[in-house]
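Peer 1: I have a structure I would like to understand better, so I am pasting it below and will then ask my questions one at a time.
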Amino acid sequence: MSLFDDNVSRRGILKTGLVGAAVATAPFHFVRGAGAADYLNMPKGKSVIFGFNVPQTGAYADEGADELRAYKLAVQHINGEGDGGMLNTFTSKALKGNGVNGKKVEFVTGDTQTKSDAARASAKRMIEKDGAIMITGGSSSGVAIAVQGLCQEAGVIFMAGLTHSNDTTGKDKKANGFRHFFNTEMSGAALAPVLEKAFGTDRTAYHLTADYTWGWSQEGSIKKYTEKLGWNTASAVRTPLGAGDFSQYITPVLNSGADVLVLNHYGKDMVNSLTQAVQFGLRDKQVNGKDFAIVVPLYSRLMAQGAGKNVQGIFGSTNWHWSLQDEGSKAFVKSFGQAYGFPPSQAAHTCYVQAILYADACQRAGSFAPCDVGKALEGFKFDGMGNGATEYRAADHQCFKDVLVVKGKENPTTKFDVLEVVEVTPRAQVEYPPELLGGQLGSCNNGA
Amino acid sequence: MDAILLQILNGLDKGAAYALIALGLTLIFGTLGVVNFAHGALFMLGAFCAVTVGKLVNYQVVTLDPTRTTPWGTPVEIRTPIVQEWFGDFGAFMVEYSVPLSILFAIPIMLLIGVIMERGLIQFFYKRPHADQILVTFGLAIVIQEIIKAQFGANPIPQAAPDLVAGSADIGVLLGFDPGTVVYPYWRIIYLLFSALLIGCVFAFLQFTTYGMVVRAGMADRETVGLLGINIQQRFTVVFGLAAVVAGLAGVMYTPILPPDYHMGMDFLVLSFVVVVVGGMGSLPGAVAAGLLLGVLQSFASMNEVKNILPGIDQIIIYLVAVVILLVRPRGLMGRKGVMES
């Protein structure tokens, strides 16, 4: 008894084998194209929709407005309008100024209100009702982590806006989430050598910390790096978000024996606590025979403007600054300045870059399927976007690039000219092993 | 001891702001029977009077210098401060003292705003339930907030105290402490004194003038005063304006302490309302006493020594006191018998 049917010929077997081999060795994009039909909000018409989820009301509304300006500019450039901005300096030349994968980019917006629940609701609306293929934006780590989780569950890519907590690409990282902005670990690594140079190794720090995920992350990183320098930590006091008057938290600093005050505050809290610390004479005080110092680990130019002359001489770190003289930064400042009449903030920069990087990844992947786009972003190396040679690390979806240490300018020439870059910390100095911050990326979700 | 003294000063300072807002709130409740949730917005509007004056005295004429360009390729703007150029030293004085000078601007503006608010909206809600009053005044507060945000943006706008009083006073030396141990900003001391003066003026007006006497009589028995042929409603409208002025001036003088933003009124309103409840609805001395008391308690609750024993107590102390007062003495510390007790 033969195993083969009598009608099976050698020629037939050869034919079948050849067809099978042809299918197995077909170009990957052919197979991928077939699978790519199966993902959430797959664009079917001539356009694709991006969802810009930014704070349009609430304490960070001005930053949100700047983010939205940047996104609009990015959409123009991707669609081939305007002067092209950073597309002219970006090392990837996949985008040709005719949209993405032959589709014109359109956008919808949502208001995060800097509240996690409101941000999730607006992201959900953009995904479910408006058909957004990707969500991006935000000015708070709490919001970023909440929206990132939603995007992971829904199955769309989340390109984080301004979020500085380690947790976004640490313990709360997700396979569908990507962050271009730096984090508190990098701030600590970049600031420590500058602080050592300016203030020495025999210092005692007192931390006032915003009582939420970003504040804890910032406090932890700065303590870690300053204690490595030999500094002591006198106390680390948690302050409620939006406290307004910080005087009752500042007065204990006066007689604590500390000679450095670290303000782990951002936004309005930073403006208020810094202003009040200066009013209490801390900047002019002498303790332990040394000049008292104030440090603001995360600076924002928009917020520094709010604190006025109180920022003068105070060190901090920032993701990007409009005064940088590399070709990418100059191109972006020119586009943004001509469109709006003033220079972009770091929030605007990171959002613009994220929109371009996402579009570029889709173009290189030849698809909008989240898992394909994620693969295109993972390990992607690029330059010409304002922070030198940069890599989207595959292990945690965190961008690694140079970090800026800045100082409040003593003699500002314009109201935008409040910070000066004192050090461009090279990427190698702020890099850390991916397992340091914990968390698991999990699996990518296409959402269908 | 030095830490305790500093926290008392902090508490009195903060409490003075609560007291000034609560004083207006309770004055309106006592006269018109209205729970005005837009009162915090009046505090914020006062602060923005200072911002407006600051902008006016710092007004600059912009000309373009075609020989120089910005990094984005447009001509550089040259800004010339007009007031200083026109008025010389007096112009410089106005720039330097813009916050105290704002008081002169804020008094008529806030009086006008108060009268318009009462005549234009709130008078239609006198006979409506308190819930309606709260809703309409809360809605009004949000509208005012959004107008200010649209006009001035969402970020805080710092207002500097005059250089003469921008630093700190080493008050510890006067009390026998080591130099530098009890240091307190001059402007906060001024704010405390200003609040005491303003509260004193309101009490003197109500206590020692015929107008004030009629208002007090109206607060006690509106109907009888009306039967005497006095137009008590008109006086109450003026009282509403007065309450707006008090809140506004509290806001003006607070600007060097807390850079004003559109939301600052709401931050103070809730606390001030608790102050009114603790002090006793309709009780003016109660509002002042409770404001200062809660300010000091909040300050002490923020001390590390206290927070180490009771974490988070600084966030709840005021509400905790309010709960206890409402349970034990619903009329508040100095409230009239019957109010909030039915």
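Peer 1: Hey, can you find the accessible area per residue of the protein assembly as shown for me, probe 1.4 Å, expressed in square angstrom?
Peer 2: With the other protein chains kept in place, the protein assembly as shown gives 40 Å² per residue.
Peer 1: Only four residue types carry charge here, +1 at the Cβ of Lys and Arg and -1 at the Cβ of Asp and Glu. Report the dipole size of region A:185-318 about the Cα centre in Debye, rounded to the nearest 20.
Peer 2: The calculated dipole for region A:185-318 is roughly 180 debye.
Peer 1: Considering all alpha-carbon pairs of chain A, what whole percent are spaced by more than 29 angstrom?
Peer 2: Within chain A, distances greater than 29 Å cover 48 percent of Cα pairs.
Peer 1: So which of B:Lys14/B:Lys149; A:Lys44/A:Lys330; A:Lys381/A:Lys415 end up more than 28 Å apart by C-alpha?
Peer 2: Violating the 28 Å Cα-Cα cut-off are A:Lys44/A:Lys330; A:Lys381/A:Lys415.
Peer 1: Using +1 at the Cβ of each Lys and Arg and -1 at the Cβ of each Asp and Glu in chain A, identify which of A:Ala65, A:Val403, A:Ala210 lies farthest towards the dipole's positive end.
Peer 2: A:Ala65
Peer 1: To the nearest whole number, what is the average tally of beta carbon atoms from other chains within 10 Å of the beta carbons of peptide A:277-286?
Peer 2: Across A:277-286, the average partner-chain Cβ count within 10 Å equals 4.
Peer 1: How much space per residue, in cubic angstrom, does the convex hull of the C-alpha atoms of the protein assembly as shown take up?
Peer 2: Enclosed volume per residue, from the Cα hull, is 225 Å³.
Peer 1: Next question. Above 20 Å lies some portion of the pair distances; for region A:253-353, what is it as a whole percent of all C-alpha pairs?
Peer 2: 46 percent
Peer 1: Only Lys, Arg, Asp and Glu count, each charged at its Cβ (+1, +1, -1, -1), so figure out the dipole size of chain A about its Cα centre, rounded to 20 debye.
Peer 2: Dipole size: approximately 840 debye.
Peer 1: With springs only between Cα atoms under 10 Å, which of A:Ala369, A:Ala94, A:Ala198 fluctuates most in a Gaussian network model of chain A?
Peer 2: Comparing A:Ala369, A:Ala94, A:Ala198 in a Gaussian network model of chain A, the most mobile one is A:Ala198.
Peer 1: Nearest 20 debye, what's the magnitude of the dipole of region B:1-160 about its Cα centre given +1 on Lys and Arg Cβ and -1 on Asp and Glu Cβ?
Peer 2: About 500 debye.
Peer 1: Distance in nm between label sites at B:Val323 and B:Ala166, each 7 Å beyond Cα in the beta-carbon direction?
Peer 2: For the pair B:Val323/B:Ala166, the computed spacing is 4.5 nm.
Peer 1: Here's something else I'd like to know. Which one of B:Phe138, B:Gln60, B:Val252 is farthest out on the positive end of the charge dipole of chain B, using unit charges on Cβ (Lys, Arg +1; Asp, Glu -1) and the Cα centre as origin?
Peer 2: Result: B:Phe138.
Peer 1: State, to one decimal in nm, how far the label point of A:Leu436 lies from the label point of A:Asn288, with both points 7 Å from Cα in the Cβ direction.
Peer 2: 2.5 nm
Peer 1: Find the lysine pairs in region A:185-318 meeting two conditions, Cα atoms under 22 Å apart and a separation of 8 or more places or different chains, and report how many there are.
Peer 2: Number of lysine pairs found: 9.
Peer 1: Give me the percent of accessible area attributable to carbon and sulfur for the protein assembly as shown, probe 1.4 angstrom.
Peer 2: With neighbouring chains kept in place, the figure for the protein assembly as shown is 61 percent.
Peer 1: Which whole-number percentage describes the relative contact order of chain B, with Cα contacts under 8 Å and a sequence gap of 6 or more?
Peer 2: Averaging sequence separation for qualifying contacts and normalising by length gives 34 percent for chain B.
Peer 1: For chain A, set up a Gaussian network in which alpha carbons nearer than 10 Å are linked by springs, and say which option among A:Thr390, A:Thr163, A:Thr91 fluctuates the most.
Peer 2: A:Thr91
Peer 1: Within 10 Å of each Cβ in A:261-272, how many Cβ atoms from other chains are there, averaged over the peptide?
Peer 2: Taking the mean over all residues of the peptide, I get 2.
Peer 1: Also, quick follow-up: Can you pull the mean other chain C-beta count within 10 Å for peptide B:310-317?
Peer 2: Counting Cβ atoms of other protein chains within 10 Å of each residue's Cβ and averaging gives 2.
Peer 1: Can you give the local net charge around B:Leu192? Use residues other than it whose beta-carbon is closer than 13 angstrom to its beta-carbon, Lys and Arg +1, Asp and Glu -1.
Peer 2: +1
Peer 1: Additional query: Pick out, from A:Pro193, A:Phe292, A:Ala234, the residue whose Cα sits farthest towards the positive end of the charge dipole of region A:185-318, with +1 on the Cβ of Lys and Arg and -1 on the Cβ of Asp and Glu.
Peer 2: A:Pro193
Peer 1: Can you give the net charge of the other residues whose Cβ lies under 15 Å from the Cβ of B:Phe37, counting K and R as +1 and D and E as -1?
Peer 2: Residues near B:Phe37 contribute -2 overall.
Peer 1: Next up: For chain B, rounded, prolate or oblate, judged on the Cα gyration tensor with a ≥ b ≥ c (square roots of eigenvalues), a/c < 1.5 rounded, else prolate if a/b > b/c?
Peer 2: oblate
Peer 1: Report the full-extension gain for the segment B:Tyr59 to B:Ile116: residue separation times 0.36 nm, less the Cα-Cα distance, to one decimal in nm.
Peer 2: Answer, rounded to one decimal: 17.6 nm.
Peer 1: How big is the B/A interface in buried accessible area, both sides summed, 1.4 Å probe, to the nearest 100 Å²?
Peer 2: 3100 Å²
Peer 1: Follow-up. If contacts are Cα pairs under 8 angstrom and at least 6 residues apart, what is the relative contact order of chain A in percent?
Peer 2: Relative contact order comes out at 19 percent.
Peer 1: Excluding A:Thr213 itself, calculate the net charge of residues whose Cβ lies under 13 Å from the Cβ of A:Thr213, where each Lys or Arg counts +1 and each Asp or Glu counts -1.
Peer 2: Value of the local net charge: -2.
Peer 1: For region A:30-148, just say rounded, prolate or oblate: build the C-alpha gyration tensor, square-root its eigenvalues into a ≥ b ≥ c, call rounded for a/c under 1.5, and beyond that prolate if a/b exceeds b/c, oblate if not.
Peer 2: oblate
Peer 1: Are there any helices in chain A, counted as whole DSSP H runs, that stretch 15 Å or more along their axis by Cα and score at least 0.5 on average by Kyte-Doolittle, and if so which?
Peer 2: Span-like helices, by this rule, are A:10-24, A:141-154, A:184-199.
Peer 1: A follow-up question, please. State the three equivalent ellipsoid semi-axes of region A:185-318, derived from the C-alpha gyration tensor as the square roots of 5 times its eigenvalues, in descending order and whole Å.
Peer 2: 19, 17, 15
Peer 1: Using Cα-Cα distances under 8 Å and only pairs 6 or more residues apart, what relative contact order does region A:239-284 have, in percent?
Peer 2: 49 percent
Peer 1: Still on this model: How many nm separate the modelled label positions at B:Ile309 and A:Asp202, each set 7 Å beyond the Cα in the direction of the Cβ?
Peer 2: Distance between the two pseudo-spin positions: 3.7 nm.
Peer 1: Can you tell which of A:Asp172, A:Asp245, A:Asp372 shows the greatest fluctuation in a Gaussian network model of chain A with Cα springs below 10 Å?
Peer 2: Judging by the Gaussian network model, the answer is A:Asp245.
The values are calculated or read from the model by the stated rules, or taken from the named source; none is laboratory data. Owing to the predicted nature of the structure, the values given are computational and were not obtained by experimental measurement. Positions of Cβ are generated from backbone atoms using ideal geometry, with glycine treated the same way; all protein chains shown enter the neighbour counts. Each accessible area value is taken on the protein alone, full model and side chains, heavy atoms only, with ligands, DNA and RNA left out. Shrake-Rupley method; radii C 1.70, N 1.55, O 1.52, S 1.80 Å.
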